[in-house]
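Input: a single structure, listed below in structure tokens.
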Protein chains: 2
Amino acid sequence: MQNLSSMHNITEHHNHQRCIDDAMTRAKALCHSRQVKFTRIREQVLACVWANHQPVGAYTILEELAKDSSRRPAPPTVYRALDFLLDNGLVHRIASLNAFIGCQDPSHQHQGHFLICRQCRNATELDTDIINTAINTAAKQHGFSVEVPCVEVVGCCAHCKENRDND
Amino acid sequence: MQNLSSMHNITEHHNHQRCIDDAMTRAKALCHSRQVKFTRIREQVLACVWANHQPVGAYTILEELAKDSSRRPAPPTVYRALDFLLDNGLVHRIASLNAFIGCQDPSHQHQGHFLICRQCRNATELDTDIINTAINTAAKQHGFSVEVPCVEVVGCCAHCKENRDND
DNA sequence: AAATAAAATGTTATAATATTGCATTTGCAC
DNA sequence: GTGCAAATGCAATATTATAACATTTTATTT
């Protein structure tokens, strides 16, 4: 299901093990400070999500869990873990892909904006206010109160534009 | 499946029959000018989508078609009609709801931005560049080329804020 | 008008994603 | 250890979407 480009990292040569370690450490600390349980399953699911920078589907996670342990968990196991991670801001859901991705900054509640590369399928979470401001401005003109902005932009990332093997 | 608020219109007292008539007229003219066929099924599906301003699911459309004619169409019938309507810009898909909504302006190709009211479930398509500009600006900073921006904002519309029966 | 080709629709089956409901286990407070 | 709440296991099923192939309709050519 994953193509070759799944081996590309979000920037060409970043140390992804560091991404994973940081994410897991942050998650552990955050759950501890919130007094919620970072159970084995939740940890495994988060690790799957952080395996790379591509949004991953619930059933793909299921496959991965089945590889690790001899027992094959059922869908609710994964969905419950994902719900927990979503609630605690540790992952985001990408609605347009029915997939999940690790959150870059779980410490403060937010709904990220994503740049999703059609080519390598990496998704980059944006940390800018420009888009939220624009959305709020546009919404205000309609008397609309924004609660959950969802921005998922499909296109072509810088790295894939360089390696012109696209389309 | 629809709640009571489904009777609210997108603005409090707009003549929705006019919305429908306009949309159907536009669709007919547009298909004629493009020399593509606005068949009975496509027309029925578009009419379902325009029945109100709430995004409607494919299987809800299926139910509606079953009511009209004695024969019950199968899912591919509806999905094929929806694909046609999407291709021709007559409807948009709301990814976060797995649902479809009529396009306000099918004459030029665009991916709309939507304000979706959590309360009455109406979705308003925005016609502003503010958001696209912001997305392009943010994307540019990452060397990312935008192809399909998807903006689906959940919140509370002006009308529902007035009638404080929310939450 | 008959033959042909292309497009649209019908039909069956199935894939992919997600949830419900209830049983069991685990971790923790007392 | 007892009792409770949270977490997980498990079976079934709901929801959304597509694949593959047959049939019908429409348009085009002859």
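The values are calculated or read from the model by the stated rules, or taken from the named source; none is laboratory data. Keep in mind the model is a prediction, meaning the values are calculated, not measured. A quick note on method: Cβ atoms are made from the backbone with ideal geometry, for glycine too, and the neighbour counts reach across all protein chains shown.
Pairing residues of region A:103-116 that are crowded, with 20+ Cβ neighbours inside 10 Å with residues that are among the hydroxyl-bearing types (Ser, Thr, Tyr), at Cβ distances under 7 Å and at least 6 apart in sequence or on separate chains, gives A:PHE114/A:THR124; A:LEU115/A:THR124. Keeping to region B:117-128, report how many residues are surrounded by fewer than 21 Cβ atoms within 10 Å (Cβ to Cβ), facing chain A (nearest Cβ under 7 Å) and assigned to a strand (DSSP E or B). Looking only at that region, the number is 0.
Among the residues of region B:23-38, write down those that are within 12 Å of DNA strand D (Cβ to nearest atom) and either over 20 Å from the mean Cα position of the chain (by Cα) or exposed (fewer than 13 other Cβ atoms within 10 Å of the Cβ) (or both). If the condition is that a residue be within 12 Å of DNA strand D (Cβ to nearest atom) and either over 20 Å from the mean Cα position of the chain (by Cα) or exposed (fewer than 13 other Cβ atoms within 10 Å of the Cβ) (or both), then B:HIS32, B:GLN35, B:VAL36, B:LYS37 are the ones that fit. Considering the conditions (1) of a type outside the set (D, E, K, R); (2) more than 29 Å from B:SER145 (Cβ to Cβ); (3) in contact (Cβ under 8 Å) with a residue 40 or more places away in the chain, A:SER145 is excluded by exactly one of them, (3).
Would you pick out the residues in region A:98-110 that are over 18 Å from A:GLU43 (Cβ atoms) and either in a strand (DSSP E or B) or within 8 Å of DNA strand C (Cβ to nearest atom) (or both)? The answer is A:ASN98, A:ALA99. Residue check: is A:ALA81 more than 13 Å from the chain's Cα centre (by Cα), more than 14 Å from every other protein chain (Cβ to nearest Cβ) and within 23 Å of A:THR25 (Cβ to Cβ)? For A:ALA81, the condition - more than 13 Å from the chain's Cα centre (by Cα), more than 14 Å from every other protein chain (Cβ to nearest Cβ) and within 23 Å of A:THR25 (Cβ to Cβ) - is met. Test B:GLU152 against the stated conditions and say whether it is assigned to a strand (DSSP E or B), more than 16 Å from DNA strand D (Cβ to nearest atom) and modelled with pLDDT of 95 or more. Taking the combined requirement at face value, the residue does not satisfy it. Please verify whether region B:129-144 includes one or more residues that are more than 16 Å from the chain's Cα centre (by Cα), among the aromatic types (Phe, Trp, Tyr) and within 13 Å of another protein chain (Cβ to nearest Cβ). Yes. Taking the criterion of being within 12 Å of DNA strand D (Cβ to nearest atom) and either surrounded by 15 or more Cβ atoms within 10 Å (Cβ to Cβ) or in a helix (DSSP H, G or I) (or both), the residues of region B:62-83 that qualify are B:LEU62, B:GLU63, B:PRO73, B:PRO75, B:PRO76, B:THR77, B:VAL78, B:TYR79, B:ARG80, B:ALA81, B:LEU82, B:ASP83. Taking the numbered list (1) under 20 Å from B:GLN111 (Cβ atoms); (2) of a type in the set (Phe, Trp, Tyr); (3) near DNA strand C (Cβ under 10 Å from one of its atoms) in turn, B:PHE38 passes all entries but (1).
Of the listed requirements (1) within 14 Å of DNA strand D (Cβ to nearest atom); (2) more than 14 Å from chain A (Cβ to nearest Cβ); (3) modelled with pLDDT of 95 or more, B:PRO55 misses just one: (2).
Consider region A:145-167 and keep the residues that are facing chain B (nearest Cβ under 7 Å) and acidic (Asp, Glu). The one that is farthest from B:CYS117 (Cα to Cα) is A:GLU152.
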